[in-house]
Amino acid sequence: LFALVMAVGLAASPAQAANFLLNPSFEFNNGNVVPTDWTYFTPPNVSAHDYWVVNSNSVDLCHMAPNSGTYYWKEWFIHNNTNNVAGLFQTFSSSPGSIYNASGWLATSSCDQFGLDCATWIQVEFLDASTNLVALYKSANFSTSVAPDTWVQFQVTNACDLTQPVSVGDPYFTTY
C-alpha cells in the first residue's frame, strides 16, 4: 500500500470556490525535496527520501510530462518491511457550514510503473480542535488498472465510516 499526492485541489463553496492548497502544482522547488508548503509523512522507521519533485527538464523515457505547470510529485517504494504508507499533506482551518470539493490528478509511467500490489488515493480528513478525526473522505483507489502514461483526475467523493477501520498490516497506518 502506498499513498501519494500528485496535483490536488481543495476548494470551499458555495460562497466562492477557491483552491486552498498552497503550491498545488509543486512549482516552488524541485529535486529530492519535500515541496514547499507541504508536509511529508512516512512511517517512523524510514530514513530514505524516495520521492522527487520532477521538472519538465527531466522528462525522459521514464518521466511523463507534467499535467500542468512545470513540476509534479513522484514517490516510490520505500522498502521498510511495512505497507509503505507515505505521502504529502496540508492542514487548514475550517468554519461551520463550509462545503468542500476535492480532486487531484494521478498517473504512472509505463517504464516506471506502479507495482501490481500498490494503490494510492486522495484523502481529506476533518479534525476537531483537539486534532481528533471526525470525518474522512477518499477518492477511488488509483492502481495499475488505470492506464499508464495518462493523467487521470480523481474526485474525493467516498465518505468513510470511522467506526470501521481497516488494517492494512502496517503498524503505523489504518485506512477506512
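Coordinate-derived values only; no laboratory data. These numbers come from a predicted model, not from an experiment. All Cβ positions, even for glycine, are placed from backbone atoms using ideal geometry, and neighbour counts span all protein chains on display.
The table that follows gives values for the structure above.
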item: Highest average packing first - 128-139, 43-54, Cβ atoms within 10 Å; result: 43-54, 128-139
item: Stokes-Einstein D for the range 98-176, Kirkwood Rh over Cα pairs, 20 °C, 1.002 mPa s (µm²/s); result: 151
item: Residues residue 170 and residue 65, FRET efficiency given R0 of 35 Å [Cβ-Cβ distance, rounded to 0.05]; result: 0.60
item: Additional length obtainable on full extension of the chain from residue 29 to residue 147, 0.36 nm per residue less Cα span; result: 39.7 nm
item: Per-pair calculated FRET efficiency, R0 = 41 Å: residue 45 and residue 19 via Cβ, rounded to 0.05; result: 0.75
item: Label zone at residue 77 (point 7 Å along Cα-to-Cβ), backbone N below 20 Å, the range 95-137; result: 107-121
item: Whole-Hz couplings from phi, Karplus 6.51/-1.76/1.60, listed for the range 39-52; x for Gly and Pro; result: 10, 9, 10, 7, x, x, 8, 10, 10, 6, 10, 8, 8, 7
